[in-house]
Amino acid sequence: MERIEHRACFGGWQDVYRHRSEVLDCDMTVGVYLPPQAAHGPCPVLYWLSGLTCNEQNFITKAGAQRYAAEHGVILVAPDTSPRGQDVANDEAYDLGQGAGFYVNATREPWAKHYRMYDYVADELPALVEAKFPATDVRAISGHSMGGHGALVIALRNPGRYRSVSAFSPIVAPSQVPWGEKAFAAYLGDDREAWKRYDAVELVKGAREKLPLLVDQGDADEFLSGQLKPELLRAVCAAAGHRLELRLQPGYDHSYYFIASFIGDHIAHHARAMRA
Ligand SMILES: N[C@@H](CCC(=O)N[C@@H](CS)C(=O)NCC(=O)O)C(=O)O
């Protein structure tokens, strides 16, 4: 791993690393915040998955999360949202290809060679982080929009791997909304059965672990009724007896101003779960 940014921040360090990903078969960048406590011993890790059009910079420059991570002694790991590079398939649209990996393992061409963000986030990245940094194997996961979808899906599919999961404005049912339908058709093909393994609303139905879900959603979010549909998650959680704290936040939109307003709550929530 090559460190390409290194900045003092709230007594710790906000770094960015470039590394070769075997799973994605390309070079990747990832933001790593080391809180002051990491200088004295290993700390638990919160993984953050960003949304469409983002790379590792959006969260580290706009969410203001470092202050809370320093307070609670939590390492923050914020990867890019897709494989990258000239050799990596892309699309002109903002919601497909680079910047829009949707945290799935693609099975269709031209995407299958590099677009394996599910394996990258669930397996390769934690192994790398736990080998390279003063990190324990105590993990939590969160994200925004497409990244909220990623966080919910990865936590639901991997019982025991995360102590807690949360999401901001997540795409809870990608199989039922335009963003997800477009991406899943391209990456996974037309067989909707294959989509279910990447759809939080579907996964809640069969979840063994029932890790409680914390979701914040702005009620002035421009994507609320067309793409996000948190009511679908509420209904399926109620039916399955899966604990969900869904907080509709009045006046907030889809932006990082919303994330910055509530990230402190989420980091406190994850820190509590990771201490337990
Ligand atoms: N560009 C798209 C929306 C993209 C968008 O809102 N992306 C969210 C994630 S889904 C984001 O975090 N954007 C980057 C940022 O705000 O820093 C559009 O205009 O419809």
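The values are calculated or read from the model by the stated rules, or taken from the named source; none is laboratory data. No experiment lies behind these values; they were computed from the predicted model shown. Reconstructed Cβ throughout: ideal geometry from the backbone, glycine too, with neighbour counts over all protein chains shown. Quick note on the areas: whole protein, heavy atoms, side chains included, nothing else; ligands and nucleic acids left out. Shrake-Rupley method; radii C 1.70, N 1.55, O 1.52, S 1.80 Å.
Between ASP219 and ARG247, full extension at 0.36 nm per residue minus the direct alpha carbon distance yields a gain of 9.1 nm.
When shorter helices are ignored and each DSSP H run of at least 4 residues is given -39500 (n - 2.57), the per-residue value for the chain at 222 nm works out to -9000 deg cm²/dmol. Each of ILE267, LEU188, PRO110 was placed along the dipole of the chain (beta-carbon charges, centred on the mean Cα), and the one lying farthest toward the positive end is ILE267.
Distant-in-sequence amide contacts of ALA140, defined by a placed amide H-H separation under 5 Å and a gap of 5 or more residues or a different chain, comprise VAL45, LEU46, TYR47, ARG163. By accessible area, using a 1.4 Å probe on protein heavy atoms only, the stretch 93-235 has 50% of its surface on carbon and sulfur.
Structure remark: mean-square fluctuation, Gaussian network model of the chain, C-alpha springs under 10 Å; the largest value among PRO174, PRO126, PRO110 belongs to PRO110.
Rolled with a 1.4 Å probe across the full set of protein chains, the surface gives LYS62 an accessible area near 110 Å². Can you work out the FRET efficiency for the pair ARG275 and ASP27, with r the C-beta to C-beta distance and R0 = 41 Å, to the nearest 0.05? FRET efficiency, ARG275 to ASP27: 0.70. For the chain, the relative contact order is 17 percent, taking Cα pairs closer than 8 Å that sit 6 or more residues apart in sequence and dividing their mean separation by the residue count.
Looking only at TYR47, TYR94, TYR252, which one moves most when the chain is put into a Gaussian network model with springs between Cα atoms under 10 Å? Largest GNM mean-square fluctuation: TYR94. Seen from THR81, the other residues with C-beta closer than 12 Å to its C-beta sum to a net charge of -2, counting Lys and Arg as +1 and Asp and Glu as -1. When the chain is treated as a Gaussian network with alpha carbon springs shorter than 10 Å, the biggest mean-square fluctuation among GLY147, GLY241, GLY51 belongs to GLY241. Rg ratio for the chain: its Cα radius of gyration over 2.2 N^0.38 Å, N being its residue count, equals 0.93. Solvent-accessible area per residue in the stretch 2-275 equals 40 Å², computed with a 1.4 angstrom probe and all protein chains kept.
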